[in-house]
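Take a look at the structure set out below.
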Amino acid sequence: MCKRGVSMPGPGYYWSGEEEEKEVLEVLRAGHLFRYGKSDDPSFKHKVVDLEEAVKARFDVPYALAVSSGTAALVCAMVASGIGPGTRSSALATRSSPPCLPLFLPVRFRFWLKSMKV
């Protein structure tokens, strides 16, 4: 068993602590579980907007978009790169990705073993 009685923790589990738990509880108790809400509503915590603004400032970029998963981030990157329906792409296909045509690349297994420094 790991901390808090969890037998098999997921990604990021060891990076979360009391501060993250406090933030999650604040959102849950406010009752606004989505990124959108009225900015003049004191119970709306606009956490996602604050995160996006902090990322824009930290990396000095004009845009930032918080998404729910790595898959969603890859789909956003594909669409932003112009990969869309009918585009030949070597990117992994997912159900939610644009309907691309797969581009199979010849890959030598020995190359991967050398580059991974096993």
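The values are calculated or read from the model by the stated rules, or taken from the named source; none is laboratory data. For clarity, every value in this text was computed on a predicted model and none was experimentally measured. Because the Cβ atoms are built from the backbone with ideal geometry, glycine has one as well, and the counts that use them run over all protein chains shown.
Taking the criterion of being exposed (fewer than 12 other Cβ atoms within 10 Å of the Cβ), under 13 Å from the mean Cα position of the chain (by Cα), part of a helix (DSSP H, G or I) and not β-branched (V, I, T), would at least one residue in region 61-71 satisfy it?
yes
Output the residue which, of all residues in region 1-47 that are of a type in the set (F, W, Y), in a helix (DSSP H, G or I) and under 21 Å from V67 (Cβ atoms), is modelled with the highest pLDDT.
Applying the filter and picking the extreme gives W15.
Starting from region 25-52, take each residue that is on the phi > 0 side of the Ramachandran plot and list its partners that are surrounded by fewer than 10 Cβ atoms within 10 Å (Cβ to Cβ), counting only C-beta distances under 8 angstrom and pairs at least six apart or across chains.
Pairs found: H46/S39.
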